[in-house]
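As C-alpha cells, the structure follows; a few thoughts come after it.
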Amino acid sequence: MGFMVPHAFMWLGTLAGLGLSVASLLKICSACSETANYRIFGMDFGWFGIAYFVLLAAVVALRQRFLWTRWCAALLFFAAAGAETRFVWIQKYEIGQWCPICLLIATAVLAACIGVTWHTFELFTRRRAPMKSKLVFVVLVSVFFISGLGGAIMGVKQQADAAEQDLFLGKTDSPTTVYFVTDWFCPACIKVEPVVERMFRGLAKSVRIGFVDFPIHKETLNFTPYNLQFLKYEKAHYLELRRLLALK
C-alpha cells in the first residue's frame, strides 16, 4: 500500500499532463488565447507537452524493471516543475490571465513530484540509507528544477514578437530601424520611389528596414495586404514585387 499510493501519484501526474497537453493543442479553452501566443523553443506548448509526457510515461512504466529509470523519473518530474513555475509566472505577470489547462498541468506535475519524493524517501527509510543518499537526491532534483526553470526562461518566446520581426528587411538583428512610410497613390511618393530603392540597397547592409503603408488615399488600403504578403513571404524579391505593384 505504501508503494501504490506514491506510484499512483506519478501516473496521475503523467497521464493528466499528457491529456491536458492534448487539450491545450486543440485550443478548446477560450481562456488560453493569450497563452497560445507563446512558444517554447519554437514549438507549440501542446506538442512540447505531449512529447515530454509520453517520455515520462515510458520512464514511469519502466521504474520497476530498471533502477536508473527511477532516478530519471524523479529528475524529469522536477525539471517539468521548474518549467511550470516559469509558465505560471508568465500568466501572472505578463499575460495577467490564468489559463485553467496550464494550471491543471502545473498541479499534475506538482502531484507527481510529491509522489516521487514520497516514494524515494520511503525507500531510503526502508533500506536505512545514509544521510548522504538523501542529500544527493535533494541536490539532484534541485539542479533539475533550476535547469527546467532556466530552460523555460530562455526557450519561451511570444509568437507575436517573432511575427513582427518577420516583416523587417535588411540587417534584421540591427538595433537601428529605418522606416519608409509611403502611400501608393501619393504623386510625391511615386516620384521618389527610385530614390527609396537606391537608399534601401545601401542601408540594408547595416540597419533593419521596415516599409509602412500610410493610407492618405483610401485606394491604398487595397494594396496594403499585397505589400504585407511580400514583406513576410517574398523577402528575396521584395523590391522587384514592390516595383510591379507600384505600376498598378
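Of everything listed in (1) surrounded by fewer than 18 Cβ atoms within 10 Å (Cβ to Cβ); (2) under 16 Å from the mean Cα position of the chain (by Cα), the single unmet condition for residue 126 is (2).
So that you can scan it fast, the table gives a plain yes or no per residue for (1) in the same structural domain as residue 52 (by TED's automatic domain parsing); (2) of a type in the set (D, E, K, R); (3) surrounded by 13 or more Cβ atoms within 10 Å (Cβ to Cβ):
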| position | (1), (2), (3) |
| --- | --- |
| 151 | yes, no, yes |
| 175 | no, no, no |
| 187 | no, no, no |
| 190 | no, no, yes |
| 203 | no, no, yes |
| 225 | no, no, no |
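Checked against (1) surrounded by 15 or more Cβ atoms within 10 Å (Cβ to Cβ); (2) modelled with pLDDT of 85 or more, residue 55 passes all but a single condition, namely (1).
Here's the yes/no breakdown for (1) over 30 Å from residue 200 (Cβ atoms); (2) of a type in the set (Val, Ile, Thr); (3) in contact (Cβ under 8 Å) with a residue 40 or more places away in the chain; (4) surrounded by 15 or more Cβ atoms within 10 Å (Cβ to Cβ):
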{"residue": "120", "(1), (2), (3), (4)": "yes, yes, yes, yes"}
{"residue": "137", "(1), (2), (3), (4)": "yes, no, yes, yes"}
{"residue": "154", "(1), (2), (3), (4)": "yes, no, no, no"}
{"residue": "184", "(1), (2), (3), (4)": "no, no, yes, yes"}
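Filter the range 58-81 down to the residues that are touching a Lys or Arg at 6+ places or on another chain (Cβ under 8 Å) and either free of Cβ contacts under 8 Å to residues at least 24 places away in the same chain or not in a helix (DSSP H, G or I) (or both), then identify the one that is surrounded by the fewest Cβ atoms within 10 Å (Cβ to Cβ). Checking each candidate, the answer is 69.
Among the residues making up the range 199-248, those that are under 13 Å from residue 170 (Cα atoms), without any contact (Cβ under 8 Å) to a residue 60 or more places away in the chain and assigned to a helix (DSSP H, G or I) are 199, 200, 201, 202, 203, 236, 237, 239.
Of the numbered criteria (1) exposed (fewer than 13 other Cβ atoms within 10 Å of the Cβ); (2) within 30 Å of residue 78 (Cα to Cα); (3) not small (Gly, Ala, Ser), the one residue 144 fails is (1). Within the range 11-32, being modelled with pLDDT under 80 and hydroxyl-bearing (Ser, Thr, Tyr) holds for 24, 30. I'm checking my understanding of the structure. Among residues of the range 82-118 that are small (Gly, Ala, Ser) and part of a helix (DSSP H, G or I), which one is surrounded by the most Cβ atoms within 10 Å (Cβ to Cβ)? Filtering the range 82-118 for residues that are small (Gly, Ala, Ser) and part of a helix (DSSP H, G or I), the one surrounded by the most Cβ atoms within 10 Å (Cβ to Cβ) comes out as 112. Does residue 247 qualify as being farther than 30 Å from residue 41 by Cα and over 33 Å from the mean Cα position of the chain (by Cα)? Judged against the criteria, residue 247 is a match.
Yes or no, residue by residue, for (1) modelled with pLDDT under 85; (2) touching a helix residue (DSSP H, G or I) at 6+ places or on another chain (Cβ under 9 Å); (3) not charged (D, E, K, R):
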residue	(1), (2), (3)
166	yes, yes, no
186	no, yes, yes
193	no, yes, no
196	no, yes, yes
200	no, yes, yes
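Of 42, 49, which residue is under 16 Å from the mean Cα position of the chain (by Cα) and surrounded by fewer than 14 Cβ atoms within 10 Å (Cβ to Cβ)?
None of the others qualify; the one that does is 42.
The values are calculated or read from the model by the stated rules, or taken from the named source; none is laboratory data. Not measured: the values here are computed from a predicted model. Every residue, glycine as well, gets a Cβ built from its backbone with ideal geometry; the counts of neighbours run over all protein chains shown.
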